[in-house]
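Working notes, structure below.
Laboratory data are not the source of any read-out in this text; all were calculated from the coordinates shown. Computed from a predicted model, the values in this text were never measured in an experiment. Cβ: placed from backbone, ideal geometry, glycine included. Neighbour counts: every protein chain shown.
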Amino acid sequence: MTAASGRPASLGRAAALGALAGVLGAGVMTAGEKAEQALTHRPDSYIPGRTLLTLLGAHPGDQARPFWWNHAMHYATGATLGALRGLWAATGMRGIRADLAHTMVRLSFDQTLENSTGVGAPPHSWPLREQVVDTGHKAVYSLATGLIADRLIRPRLESRRGVTSH
């Protein structure tokens, strides 16, 4: 097997391990949300579940409380974006810089789906406190996912080609 033919398999393995890291990261995020809600008395948000249902062709109302769909969306998003973080870990995009970039990807992914489906409103329209809380929880997800991915996946595919931007 040549190095080139082994690369797709290595990337597939990194994506699978990253997906696992993402599911675990979503669990850490969910636990953190529950702890924060116990302290702040902030109610559950069902926008993730409503977004998933809308993507699947349903039309949930603003009062719908799709508990299981919420969890499905949290963990599916966690796995999907965890796979990305796994690819980053394998190719040398690791540590706090990758975690910060991954937080932005997570926030952007959620907002793209929530706003394109019409289920959510842009974060700039939210109260500042909610913006901070949401960003904090997504950062916890990305940090946990990154720590796990960087631990499970070695940067065996890091390239030294193109070390300048041109």
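Name the one entry in Leu100, Leu24 that is loosely packed, with under 15 Cβ neighbours inside 10 Å, under 28 Å from Arg151 (Cβ atoms) and in contact (Cβ under 8 Å) with a residue 12 or more places away in the chain.
One residue alone meets the criteria, Leu100.
For residues that are part of a helix (DSSP H, G or I) and free of Cβ contacts under 8 Å to residues at least 12 places away in the same chain, scanning just segment 120-129, find the one that is nearest to Trp88 (Cα to Cα).
Here the answer is His124.
Among the residues in segment 121-134, are any closer than 26 Å to Arg7 by Cβ, of a type outside the set (Ser, Thr, Tyr) and under 19 Å from the mean Cα position of the chain (by Cα)?
Scanning segment 121-134, I find no residue that is closer than 26 Å to Arg7 by Cβ, of a type outside the set (Ser, Thr, Tyr) and under 19 Å from the mean Cα position of the chain (by Cα), so the answer is no.
Output the residue which, of all residues in segment 148-166 that are touching a residue at least 24 places away in the same chain (Cβ under 8 Å) and in a helix (DSSP H, G or I), is surrounded by the most Cβ atoms within 10 Å (Cβ to Cβ).
Out of the qualifying residues, it is Ala149.
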